[in-house]
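Here's the structure, in structure tokens; my notes come after.
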Amino acid sequence: MSAYQKMLVAIDLTEEAPQVLEKAKAVCSAHGAELVLVHVVEPVGYAYGGDIPMDLTELQDQLDKAAREELGKYGDQYGVAKDQQIVTVGRPESEIHRLAKEHNADLVIVGSHGRKGFQLLLGSTANGVLHGTECDVLAVRIH
Ligand code: AMP
């Protein structure tokens, strides 16, 4: 097996995120690979189904800002360069597919499930990532 060179780890910023990051860091160091750290903020409009005629821009900006700060803390703690810490808005699995391609990642790392999918063997995001990503995918078992 040839070594991985560029890994993309996606975290949901829940209390399970460190488990995913610990494993990503270990695999990354073992391969001497670069690490890109990603979080996707879901558009607030999704939560309201677009039914409420309200300007949600400010709320969305606040969520983005909070996510950037939180991701920055994890990035610093796990030694990920600032320019490799990415926060984007959209559907998590689609954005992870897009970013994996854009960054030429050869391994995508996600948790087996986050808070949403605890009863599942593989959460819905993890499943979506697995099905649309062209490179290898590692699902870190969340305990
Ligand atoms: P889920 O399938 O939603 O239970 O989440 C499984 C894993 O997908 C999480 O442990 C993360 O690695 C990843 N993930 C879920 N949501 C996001 C998100 N919004 N941004 C980045 N990664 C995510």
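Data for the structure
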{"item": "Hey, residue 111 within 22 Å of residue 15 (Cβ to Cβ) and modelled with pLDDT under 90 or not", "result": "no"}
{"item": "Residue 95 within 10 Å of the ligand (Cβ to nearest atom), in a helix (DSSP H, G or I), surrounded by 15 or more Cβ atoms within 10 Å (Cβ to Cβ) and not small (Gly, Ala, Ser)", "result": "yes"}
{"item": "Qualifying residue in the range 49-60 (condition: of a type in the set (S, T, N, Q), on the phi < 0 side of the Ramachandran plot and at pLDDT below 95)", "result": "yes"}
{"item": "Residue, nearest to the chain's Cα centre (by Cα), within the range 4-16, restricted to residues that are buried (at least 22 other Cβ atoms within 10 Å of the Cβ) and within 11 Å of the ligand (Cβ to nearest atom)", "result": "10"}
{"item": "Meets criteria (among the aromatic types (Phe, Trp, Tyr) and more than 14 Å from the chain's Cα centre (by Cα)) for residue 74", "result": "no"}
{"item": "Restricting the range 21-39 to residues that are touching a strand residue (DSSP E or B) at 6+ places or on another chain (Cβ under 6 Å) and closer than 21 Å to residue 134 by Cβ, the residue that is surrounded by the most Cβ atoms within 10 Å (Cβ to Cβ)", "result": "24"}
{"item": "Members of the range 29-48 that are modelled with pLDDT of 95 or more and within 15 Å of the ligand (Cβ to nearest atom)", "result": "35, 36, 37, 38, 39, 40, 41"}
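The values are calculated or read from the model by the stated rules, or taken from the named source; none is laboratory data. Computed from a prediction, not measured in an experiment: that's the story for all the values here. Every residue, glycine among them, receives a Cβ derived from its backbone with ideal geometry; neighbour counts consider all protein chains shown.
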